[in-house]
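Enquirer: Structure below; questions to follow.
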Amino acid sequence: MKKSDDVIAVFRAIPTLLERDAALLKRGRFVDVECLLGSTEQAFHVSIRNGHVADMAPAPILMRPWRFAYRATPAAWTAFWKPMPKAGWHDLLALTKRGEAVLEGDIQPFMTHLQYFKDLLALPRSAGGAS
C-alpha cells in the first residue's frame, strides 16, 4: 500500500477517533465550520458541527465551499502521527513553517480553535498513525 493510501485511510478514521474522545468533543462544542483537511494528494471536505465531524467527503466536490484548508504531504502526516514525532514534525504550524503543509483561506476559525484542530488532527497518534 502506498503512503498516500495509508494517509487517506487514517483520515477516514478520524471521525471515529473523535467520537471516542469526550474531552475533545467538549472542548470543540463551539466549533462550527466547513473546511478542507487532508493530504496534498487527497483532501476531504469536512463539516464540523458542535465539535463533531458531521460529514466528511473526498474532495473535490464541485461548488462545495470551505472556510479554510489545511493540507500536508503524505510524508509529513506519517511523521506527524508517530507516537513521539521529531522536532519540527510535531505541530501543525511547524509543518507549515517547514513547507510540508499549507494553510489557506479564511484562517480565523482555524486560529480561534487552534488547539481543537491540533488535537483533532493528532488523534491518529494514539491509534498508531500511518505506516
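Laboratory data are not the source of any read-out in this text; all were calculated from the coordinates shown. Treat the numbers as computed from the prediction; the structure is a model and nothing was measured. Glycine gets a Cβ as well: all are built from the backbone with ideal geometry, and neighbour counts include every protein chain shown.
Enquirer: Run a plain Debye calculation on segment 52-107 (Cα atoms as equal point scatterers, no solvent) and give log10 I(q)/I(0) at q = 0.15, 0.16, 0.18 Å⁻¹, rounded to two decimals, same order as the q list.
Expert: Log-scaled intensity ratios, in q order: -0.54, -0.60, -0.72.
Enquirer: Still on this structure: Under 10 Å, Cα contacts only: if you run a Gaussian network model on the chain, which one of Thr16, Thr78, Thr96 comes out with the highest mean-square fluctuation?
Expert: For the chain, modelled as a Gaussian network with Cα springs under 10 Å, the answer is Thr16.
Enquirer: Cα-based count: Lys pairs in the chain below 21 Å, eight or more positions apart or different chains?
Expert: Close lysine pairs under the 21 Å cut-off: 9.
Enquirer: Given the DSSP H assignment, sum -39500 (n - 2.57) over each helix run of at least 4 residues in the chain and divide by its residue total; what's the result at 222 nm in deg cm²/dmol, nearest 500?
Expert: So the calculated ellipticity at 222 nm is -10500 deg cm²/dmol.
Enquirer: Can you match P(r) over Cα pairs in 5 Å bins from 0, in percent to one of these, (1) 2, 11, 22, 26, 23, 13, 3, 0; (2) 2, 12, 23, 23, 18, 12, 6, 3, 1, 0; (3) 2, 10, 17, 22, 19, 15, 10, 4, 1, 0, 0, based on a calculation from the structure here?
Expert: (1)
Enquirer: Taking amide hydrogens as modeled 1.01 Å from N in the peptide plane, which residues meet the under 5 Å criterion relative to Ala59, leaving out close sequence neighbours?
Expert: Those qualifying (amide H under 5 Å, at least 5 residues apart or on another chain) are Ala43, Phe44, His45.
Enquirer: Then there's this: Under a 10 Å cutoff between Cα atoms, tell me which one of Arg49, Arg64, Arg27 has the largest fluctuation in the Gaussian network model of the chain.
Expert: Its mean-square fluctuation being the largest, the pick is Arg64.
Enquirer: Net charge near Leu36: determine it from the other residues with C-beta under 10 Å of the C-beta of Leu36, scoring Lys and Arg +1 and Asp and Glu -1.
Expert: Result for the local shell: +1.
Enquirer: Before anything else, pin down the relative contact order of the chain: Cα pairs under 8 Å, at least 6 apart, normalised by residue count, whole percent.
Expert: 27
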